[in-house]
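FYI, it's all coordinate maths here, none of it is from the lab. If you're wondering where the values come from, they're calculated on a predicted model, not measured in any experiment. Neighbour counts run over all protein chains shown; Cβ positions are idealised from the backbone, glycine included.
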């Protein structure tokens, strides 16, 4: 695990922080959110549409994680945690209350800060039909059986969707109601709520860390977390996991940062804010690692097996491995309540931002329609309801397979693709020196040249390198279960790639549309890279001298793509 920290830190410095500030600065300069902010380079306005589609998919399945967390929270209010014993109606004759079986996941894009690791990728292994036969241990621990049979009611595969699990559906509805109530009045209301959702988890993490460090075996877990394994640095998947995890934790290429940047005053020192945020965000990720691995070390000690065998990936960490560790503690229900409150608060914090970014994109795009009366609140309600309906497919008996499909194909590689074109659009087409002049207009000073060289060279190389590595190391989606690996059928993989293309296709599609739109115009190439609808305070002195007024008042002014 320690080897993961090295590519993580490399990715933070070369990719995450520069791209984080790039998106915030574009939103602040253009004073527009996701869709309209990329008028800064009309040729690549498709970036705004791509990020909007990505964040829509993310919002749909991210709240399912909150539904699971609410389910576990409610189940924790009992004298004995329901997942610690066998003999319940959901248990099978293979159930073992001694936690002797520990299913492990491979290849993960874990997001510890945002959701204590929620993104799972798994390589294909040998199969028997659709499942790999497990022979080394036929027993299944009670925690896993609770997760699969009681919570998920999981079916045999994605082609067996079964029925909606109404207990989970109600938890999902609760999650969406909380999100709607907190964001319906806009960023000022949701911002106040975030003071609680963003700070309270630190209290719970500190409590859990203190408790974890007092348990036997905690030191072994922390050593496993920190000790570098340099041999693994040659593993392509480690770099892919680190790169995608970083981009998720920083919300890069999701459109939310341009939306949040657009709420800033034009002269706000967002450069300072971004450096502070990056320090806090990465510090929190590392701090959360201590919380998790101190407890996993205790779990390893109790079971007498290496830490590597209890360290789950993806949903298995929050809903199998950690509940197993909690069950071993004295006063287990109390610690379980603390843990799942922390997970819910972290998840709500992320979901508020994601939904706000999505809503802001449409409200800014259709401002004349959606900013009248209560239309914005009604529109938010409609969007939340649509995403709730999509999420219902993930709380059926086959819902976990749908969840994994969304998780694997709609994010990860695609956000690297989008982030690469963000750098190209701003640094090369709009012009890096011009953008630095704009930053000086906003901030009153020019940021460190490090950002300039990252946008020009380092960050695009990082994005495309990780994207290529992920393509080289690509394997079809599978899902780990105690009975073996479930291999997705070809038609499901096809749907996954279709979901991925739904976002990526907008970048070339809009570029081609814009090229045809300006094909018969004088200075067509210039108009493809000149920002649209700049206001007086956004123009440099040289822009005003360079015939900009004539450019804005030209006889032919093509309609914006956004009016379609």
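Counting every other Cβ atom within 10 Å of each residue's Cβ, 144, 369, 51, 31 order from fewest to most as 369, 31, 144, 51.
Can you give the % of DSSP beta bridges in the chain that are antiparallel, to the nearest 5? Restricted to the chain, the bridges split so that about 80 percent are antiparallel. Note: relative contact order over the chain, using C-alpha pairs below 8 Å and six or more positions apart, is 33 percent. Cβ crowding within 10 Å, taken as a proxy for footprinting-reagent exposure, orders 501, 274 from fewest neighbours to most as 501, 274.
For the range 405-448, the square roots of the Cα gyration tensor eigenvalues, ordered a ≥ b ≥ c, give a/c of at least 1.5 with a/b greater than b/c, which places it in the prolate category. Between 0 and 90 degrees, the angle of helix 236-249 with respect to the longest Cα principal axis of the chain falls at about 70 degrees. Taking the C-alpha atoms only, the angle from helix 270-303 to the longest principal axis of the chain is near 10 degrees. Would you mind classifying the range 217-269 by shape? Square roots of the alpha carbon gyration tensor eigenvalues, ordered a ≥ b ≥ c; an a/c under 1.5 is rounded, otherwise it is prolate if a/b is larger than b/c and oblate if not. Prolate is the answer for the range 217-269, as a/c is 1.5 or above and a/b outweighs b/c. For the chain, the mean residue ellipticity at 222 nm estimated from helices alone is -18500 deg cm²/dmol, where every DSSP H run of n ≥ 4 contributes -39500 (n - 2.57) and the total is divided by all residues, rounded to the nearest 500. From the list [x] 45, 29, 22; [y] 43, 24, 23; [z] 54, 28, 22, can you say which value of semi-axes √(5λ) of the Cα gyration tensor in Å was derived from the structure given? Correct label is [y]. Could you tell me which of rounded, prolate or oblate describes the range 437-535, using a ≥ b ≥ c as the square roots of the eigenvalues of the alpha-carbon gyration tensor, with rounded for a/c under 1.5 and, failing that, prolate when a/b is larger than b/c and oblate otherwise? Oblate, since a/c reaches 1.5 and b/c is not below a/b. Seen against the Cα atoms of the chain and their longest principal axis, helix 17-30 is set at about 40 degrees.
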